[in-house]
1. List, please: which pairs have Cβ atoms under 9 Å, are six or more places apart or on different chains, and start with a residue in region 351-368 that is over 22 Å from Asp528 (Cα atoms) and end with one that is surrounded by 15 or more Cβ atoms within 10 Å (Cβ to Cβ) and among the β-branched types (Val, Ile, Thr)?
2. Looking only at region 176-226, count how many residues are more than 28 Å from the chain's Cα centre (by Cα), β-branched (Val, Ile, Thr) and surrounded by fewer than 16 Cβ atoms within 10 Å (Cβ to Cβ).
3. Name the residues in region 559-584 that are farther than 19 Å from Gly484 by Cβ and basic (Lys, Arg), would you?
4. Kindly establish whether Gly449 is farther than 30 Å from Asp528 by Cβ, in contact with a Ser or Thr (Cβ under 9 Å, 6 or more places away or on another chain) and part of a helix (DSSP H, G or I).
5. For Asp578, are the conditions met, namely being among the acidic types (Asp, Glu) and either surrounded by 14 or more Cβ atoms within 10 Å (Cβ to Cβ) or under 30 Å from Ser359 (Cα atoms) (or both)?
6. Test of understanding: among Ala508, Ala543, which residue is in contact with a Lys or Arg (Cβ under 7 Å, 6 or more places away or on another chain), assigned to a loop (DSSP other than H, G, I, E, B) and assigned by TED's automatic domain parsing to the domain that holds Asn588?
Amino acid sequence: MSILNPSPDKIGTEEEKAKWEKRKEGEADLKRRQDTLEAQRVLMNITKPKEEGGLGFESLQYFVECLFDSDRGNSFFNGYLTRFCNNHGAVIASAIFDRSEKAFQEYLHGPFGNRIQKEGEAIQKLCTRKPGTKKHELLENFSLERLQAEIENCAPTLWQILTKACEARDVNTRRSKELVFITMCAMISITRSQKANDFQIVVGLFLLGSGASKREMEVLAHAGLSVSYSSVIDHIKTLSQENHSIFQNVIKQLMCSVVWDNINFAFRVESQRLTSKNHFDSGTSASLVVQYDPETKQNAKHGIAPISMKLERTTSKPKVDKSTCESLLLPSGDQVQILEQCLQWQIKKIAIDHKPEFSHLKKHLPGCLRVDPIDVHTTEHFPLPAMHIDESSLDGTIEVFEKIMEHLRLTDDTLEKHGILFTDGDLLTDSLVDKMESARRNSSGAIKGMKAPVRRFGLFHCKMAGARMVVNEHWGRPNSKWPGGLWWEHTQLLKRTPISAGWQTKKAAPWKQSHELIHMSLAAHILDGFRIYCGQNDFNAWAKVSTAEEFDTVAQDVYNNLFTTTAYNKQCDTLKPDTVLKNNILYNRDALLYWLLVTSIKAGDIGRVVLVLRIWMVMMRTPKTMPRKLFLHNWLVNISGKANSFKEIDLLQEHQNFWLKVIYTAKGVNQSWEWLSMISVLEEPVRDLLEEGSRYANKKSAFAKYRSDDFIIEKAGFLSTGINSEAVEHADDDLDEESLHSGTSSTSRHETGPSSNTFLLH
C-alpha cells in the first residue's frame with residue numbers, strides 16, 4: 001500500500017476518510033467513462049470495413065443476428081451465450097427498453113403478445129370440458145386449488161403479470177389475490193370462447209343454490225362471472241336427468257331402503273284469481289339409502305335378504321311367545337348389567353364435560369362400553385323427486401309407494417331380484433304402511449301385494465317421543481304443594497319463555513326446547529349429586545384434586561342413590577318418604593335413559609339404542625327369520641363417514657326437507673311442484689357447492705391456505721462453504737480464447753460440494 005493510496009483502516013479523521021472516498025469515486029467514474037468510450041469504439045469497428053481495420057459487418061443488426069445464430073455457430077460458444085443471457089439477459093433487455101420506448105412497444109405486440117395469446121389458448125382449453133362430460137362429473141371434479149395450480153402451470157407469464165400488478169406492501173391482507181386471479185383467468189377464457197365456461201357454470205349453480213334472483217344472475221352473466229339464468233336452468237334439467245339415471249342404476253346393483261316424509265308448502269299469489277289463490281299444499285319427499293352389509297363391510301348386494309324371508313301377513317297382532325319375548329323384547333340379566341355400566345359411564349362423562357375442575361380426569365375415563373356398534377362408514381343416499389301427493393292417508397301412502405317404484409323403474413321381477421326393501425319414516429308412515437300391507441295381503445305381485453317392504457320406525461321421531469315423555473311426566477304444576485319440577489327449572493330458574501308441556505296440554509311439547517332443557521337439567525342434577533356424595537364442604541376444591549378412584553366411587557354412589565328404581569323403592573319404604581326426592585329420582589332415571597339414547601345414536605352403537613328401547617318397552621316385531629343384523633346396522637346413517645357422526649334415517653329426510661323448503665324453493669310464479677320435483681334430486685351436488693363456497697367467506701381465517709407463513713426465523717445461523725457464491729454465478733461469463741478453441745468450459749474447474757314407569761332396574 002503506497003503513501004498516495006493509504007488503506008481506509010489507516011485514515012485517522014472522518015474528514016480524511018470522506019476525502020479518500022470522494023477521490024475513489026472520481027477515479028471509478030473516470031474509469032467508467034474511459035471504458036464506455038472504448039466500448040463505443042469497439043462497436044463502431046464492427047461495421048467498419050476490414051481494409052480500415054474493422055470487422056466488416058454490413059450493420060449492427062446483421063452482427064447481432066449472426067451472434068445469436070445457433071445453427072451455424074460454435075456449439076460451445078452457443079452454450080456460453082445461453083448462460084450469459086440467462087444471467088444478464090434481463091438487464092440488457094431492460095437497458096434497451098429504457099433507451100427506446102418504441103422497441104418496448106414492438107416487443108409487447110410481437111413476441112410477448114404471441115406468448116400471452118398462447119397462454120390464453122391454454123386457459124381456454126383448461127376451462128373447456130371434454131365432449132361427453134356429464135354435469136355431475138364437472139361438479140365433483142371442480143376444485144379452486146387444483147384450478148389455480150393448473151393455471152399457474154399452463155400460463156406462468158400471465159400469472160406473474162397479475163401477481164406483479166397486484167403486489168402491495170401489506171402482504172397479510174384478508175382477501176386472497178389468487179382467488180381473484182383465478183376468476184380473472186376464467187373471465188379471459190369465456191371472452192375467447194363461450195364454450196370455455198366450466199367456471200361460470202359452477203358459479204351459476206352456486207348462485208342458484210344460494211337463492212340469488214334471476215336479475216342478479218343475469219348481471220353477473222353479462223360481467224363474465226356466471227352463465228345466464230336460462231343456461232343455469234338448462235344445466236339444472238340436464239343434471240336432474242343424470243341423477244335420475246344414477247339412482248336408477250344404483251338400485252339395480254345394490255340393496256337399498258327408501259325413506260319418505262311429508263313436506264308442506266305455502267303458495268303465495270300476489271294477484272289472486274278464481275283459479276289462483278293463496279293455498280297450502282302437502283306433498284312428499286323421499287330418499288334412497290344404500291344398505292351396508294356388516295358381514296362383508298361393503299355395500300349390500302342383491303340376494304342377501306330375499307323376499308321369502310318376510311313372513312306372509314295373516315294377522316295384525318304380533319306373534320310373541322315366551323321365547324320371543326325373552327330373546328327379542330325383554331332385557332336379560334346380562335343386558336341389564338351392561339345397561340347399568342353404560343348409564344354409570346354417562347354420569348361420569350356428563351360430570352367431566354360440565355365441570356372444568358374435573359378436566360384432569362378426562363384421560364382416565366375410557367370410552368363407553370360397546371354393545372353392537374355400527375362400523376364407521378359413509379352412507380350413500382340419493383334424494384328422489386318430490387311428489388305432490390299427500391301421504392297422510394292410506395290412499396296417499398299407496399300412491400307414494402307406487403310413485404317411488406316408478407321413479408326407481410322397479411317392476412315385480414326387479415323387486416324380486418332386489419329382495420327385502422326396508423321402509424323408514426315417522427310413526428304415521430309406519431302405521432300407514434302397516435295398514436297398506438294388511439289391505440293388500442291377498443294381492444299378487446311384489447309391488448301391488450307389498451311383498452318387499454319391511455317397516456322400520458324412525459328413531460328420530462322415537463327420540464322426540466322420549467323427550468316429550470320425560471318432560472310431560474316430570475313437568476309438575478305451579479300450584480303443587482311439592483316444590484320442584486321441570487316447569488320451575490325452565491321458567492323460574494333459567495328465566496325462559498314458558499312452553500306448553502304436561503300430559504293435560506292439547507299441544508305437544510316442542511322437542512328442541514325439551515331436548516335442551518333435559519340436557520341442562522340432567523347435568524345440573526348430576527353435579528349436585530357429586531356435591532352431596534363427595535363428602536367435602538368445598539366441592540370445587542375436591543373436584544380439582546380428586547383422583548380417578550375417588551371419582552369412580554362417588555359416581556357409583558350418585559348412581560345407586562339418585563338414578564335407580566332401587567333407590568326410589570328404598571325411599572318409598574321409609575317411615576317418612578321424601579316426595580320431592582322420590583320425584584327427582586324418577587326424573588333422574590328417565591332423563592339419563594333418554595340421554596344415553598341420544599349419545600348412543602350419535603356414536604352409532606345400535607346395541608345400546610335397542611337396550612334403551614327395550615327398557616321403554618318399544619317392541620321390535622322382527623321375526624326370527626329376518627336378517628337382524630342387517631336390519632339394525634342400517635337403522636342409522638353416517639353421511640360424513642366420521643366417528644360419532646351417525647344420525648337417524650328419518651332425521652336425514654327431515655334435513656332434506658329443510659333444504660328443499662328453505663333453500664331451493666322457487667319464488668313467485670316459478671314456485672311449482674314441477675320445479676320442486678326436478679330440484680329435489682339435486683340437493684346433494686348443489687349443497688356441496690354451498691359448502692365449498694362458504695370456505696371462501698371474507699374473513700381472515702378463510703384464506704389461510706393461500707398465505708405464506710410470516711414467521712421470522714431468528715438466529716438461524718450461517719453455513720459457510722468457503723466459496724464465493726457470486727463468483728460462482730458469474731464464472732461462466734469469463735470466456736478465454738483457450739477454452740473457446742479447446743471446447744471445454746471454464747466452469748468445469750469450479751466444483752461445489754453438498755453444501756318414567758319403565759322397566760325396573762335393580
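1. Close Cβ pairs (under 9 Å, with a partner that is surrounded by 15 or more Cβ atoms within 10 Å (Cβ to Cβ) and among the β-branched types (Val, Ile, Thr)) amount to Cys368/Thr599.
2. Counting residues in region 176-226 that are more than 28 Å from the chain's Cα centre (by Cα), β-branched (Val, Ile, Thr) and surrounded by fewer than 16 Cβ atoms within 10 Å (Cβ to Cβ) gives 2.
3. Lys570 - this is the single residue of region 559-584 that is farther than 19 Å from Gly484 by Cβ and basic (Lys, Arg).
4. Values: farther than 30 Å from Asp528 by Cβ: yes; in contact with a Ser or Thr (Cβ under 9 Å, 6 or more places away or on another chain): yes; part of a helix (DSSP H, G or I): no.
Answer is no for this residue.
5. Values: among the acidic types (Asp, Glu): yes; either surrounded by 14 or more Cβ atoms within 10 Å (Cβ to Cβ) or under 30 Å from Ser359 (Cα atoms) (or both): no.
For Asp578, the condition - among the acidic types (Asp, Glu) and either surrounded by 14 or more Cβ atoms within 10 Å (Cβ to Cβ) or under 30 Å from Ser359 (Cα atoms) (or both) - is not met.
6. On the way: Ala543 fails: assigned to a loop (DSSP other than H, G, I, E, B).
Just a single option satisfies the conditions, and that option is Ala508.
Yes/no matrix, rows are residues, columns are (1) out of contact with any Lys or Arg (no Cβ under 8 Å at 6 or more places or on another chain); (2) surrounded by fewer than 20 Cβ atoms within 10 Å (Cβ to Cβ); (3) aliphatic (A, V, I, L, M); (4) more than 30 Å from Phe631 (Cβ to Cβ):
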{"residue": "Lys349", "(1), (2), (3), (4)": "yes, yes, no, no"}
{"residue": "His364", "(1), (2), (3), (4)": "yes, yes, no, yes"}
{"residue": "Asp375", "(1), (2), (3), (4)": "no, yes, no, no"}
{"residue": "Thr379", "(1), (2), (3), (4)": "yes, no, no, no"}
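To keep it simple, each residue is scored yes or no on (1) out of contact with any Cys (no Cβ under 7 Å at 6 or more places or on another chain); (2) of a type in the set (D, E, K, R); (3) at pLDDT 90 or above.
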position: Thr497; (1), (2), (3): yes, no, no
position: Gln504; (1), (2), (3): yes, no, no
position: Trp542; (1), (2), (3): no, no, yes
position: Ser546; (1), (2), (3): yes, no, yes
position: Asp557; (1), (2), (3): yes, yes, yes
position: Asn560; (1), (2), (3): yes, no, yes
position: Tyr568; (1), (2), (3): yes, no, yes
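The values are calculated or read from the model by the stated rules, or taken from the named source; none is laboratory data. A quick note: this is a predicted structure, and the numbers were derived from the prediction, not measured. Every residue, glycine among them, receives a Cβ derived from its backbone with ideal geometry; neighbour counts consider all protein chains shown.
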